[in-house]
Amino acid sequence: IKENLIYTSDCLYVMYGLNSESIDLIYLDPPFNSKKLFKAPVGSKAAGASFEDMWSWDDVDEQHLEELVEGYPFLVQFIQSIGKLHSESMKAYITYMAQRIIQMHRILKKTGSIYLHCDPTASHYLKIIMDRIFGKKNFQNEISWCYTGPRKSPKKFGRKHDIILFYSKDNEN
């Protein structure tokens, strides 16, 4: 692996091509399952580009689903319950994320760490996924990334933060 190399693609397929325990640090800023359509502003270099942040089972990589089913049966049961507790969309999103987090754990060096940026609508589900894959003893911190801006509704408190879950691969390091 070349030093300071950045890949821009679906990370699941990139990670399958990487050696185990070869990465020092992972910062993950995935889509948030916001159920919104994002469009690049007119006049920008990306004008015309869009991203749909709405999840369904079509977004889950079924080819690699067996790895989740065989290696993490407890997670499969947990993810199934998300479909009943929250929604099928959240179930698909958490499955999508779990597939990638499993590979991130594999490629991260024993001395490595991972930072998962998420929002409060899914952070509690993702923390359980991270606890199971990385081990709850390897949880280092929950970082609240606070920001400012106008409130969207006068009837409720404004959403003013995201969550960053920080885990190490091995708590001994």
Inset, instruction - Just give me the residues in segment 82-121 being open to solvent by 10 Å² or more (accessible area, probe 1.4 Å), at pLDDT 95 or above and out of contact with any helix residue (DSSP H, G or I) (no Cβ under 8 Å at 6 or more places or on another chain), in sequence order. - result: LYS109, LYS110, THR111, SER113, TYR115
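In segment 1-23, how many residues are without any contact (Cβ under 8 Å) to a residue 12 or more places away in the chain, over 22 Å from ASP59 (Cβ atoms) and surrounded by 13 or more Cβ atoms within 10 Å (Cβ to Cβ)? Talk me through it step by step, then tell me what you get.
As a first pass, look at segment 1-23 and keep what is without any contact (Cβ under 8 Å) to a residue 12 or more places away in the chain: 2-10, 13-14, 17.
Cutting the leftovers down to over 22 Å from ASP59 (Cβ atoms) gives us 2-6.
So of that shortlist, the ones also surrounded by 13 or more Cβ atoms within 10 Å (Cβ to Cβ) come out as none.
Residues flagged as without any contact (Cβ under 8 Å) to a residue 12 or more places away in the chain, over 22 Å from ASP59 (Cβ atoms) and surrounded by 13 or more Cβ atoms within 10 Å (Cβ to Cβ) within segment 1-23 amount to 0.
Examine segment 80-88 for a residue that is more than 18 Å from the chain's Cα centre (by Cα) and farther than 20 Å from ILE163 by Cβ, and state whether such a residue exists. Explain how you work it out, then say what you get.
Initially, segment 80-88 is screened for residues more than 18 Å from the chain's Cα centre (by Cα), giving 81, 84-85.
Subset that is farther than 20 Å from ILE163 by Cβ: 81, 84.
Looking for residues that are more than 18 Å from the chain's Cα centre (by Cα) and farther than 20 Å from ILE163 by Cβ, one finds at least one in segment 80-88, hence yes.
Kindly establish whether ILE143 is touching a Phe, Trp or Tyr at 6+ places or on another chain (Cβ under 9 Å), over 19 Å from ILE23 (Cα atoms) and open to solvent by 20 Å² or more (accessible area, probe 1.4 Å). Talk me through it step by step, then tell me what you get.
Numbers: touching a Phe, Trp or Tyr at 6+ places or on another chain (Cβ under 9 Å): yes; over 19 Å from ILE23 (Cα atoms): yes; open to solvent by 20 Å² or more (accessible area, probe 1.4 Å): yes.
So ILE143 passes the test.
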Inset, instruction - Scan (1) under 17 Å from ASP29 (Cα atoms); (2) open to solvent by less than 30 Å² (accessible area, probe 1.4 Å) for the single condition GLY135 breaks and write down its number. - result: (1)
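Do we find a residue being in contact (Cβ under 8 Å) with a residue 60 or more places away in the chain, open to solvent by 70 Å² or more (accessible area, probe 1.4 Å) and either among the aromatic types (Phe, Trp, Tyr) or out of contact with any Leu (no Cβ under 9 Å at 6 or more places or on another chain) (or both) anywhere in segment 61-79? Before you say what the answer is, go through the steps one by one.
Just the residues of segment 61-79 that are in contact (Cβ under 8 Å) with a residue 60 or more places away in the chain, to begin with: 72.
With open to solvent by 70 Å² or more (accessible area, probe 1.4 Å) added as a condition, the list becomes none.
No, segment 61-79 contains no residue that is in contact (Cβ under 8 Å) with a residue 60 or more places away in the chain, open to solvent by 70 Å² or more (accessible area, probe 1.4 Å) and either among the aromatic types (Phe, Trp, Tyr) or out of contact with any Leu (no Cβ under 9 Å at 6 or more places or on another chain) (or both).
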Legend entry - Breaking point among (1) part of a helix (DSSP H, G or I); (2) without any contact (Cβ under 8 Å) to a residue 24 or more places away in the chain, for LEU37: (1)
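The values are calculated or read from the model by the stated rules, or taken from the named source; none is laboratory data. Nothing here was measured: the structure is a model prediction, and the numbers come from that model. Cβ coordinates were reconstructed from backbone atoms using ideal geometry, including for glycine residues, and neighbour counts include every protein chain displayed. Note: accessible area is taken over every heavy atom of the protein model, side chains too, but ligands, DNA and RNA are not part of it. Shrake-Rupley method; radii C 1.70, N 1.55, O 1.52, S 1.80 Å.
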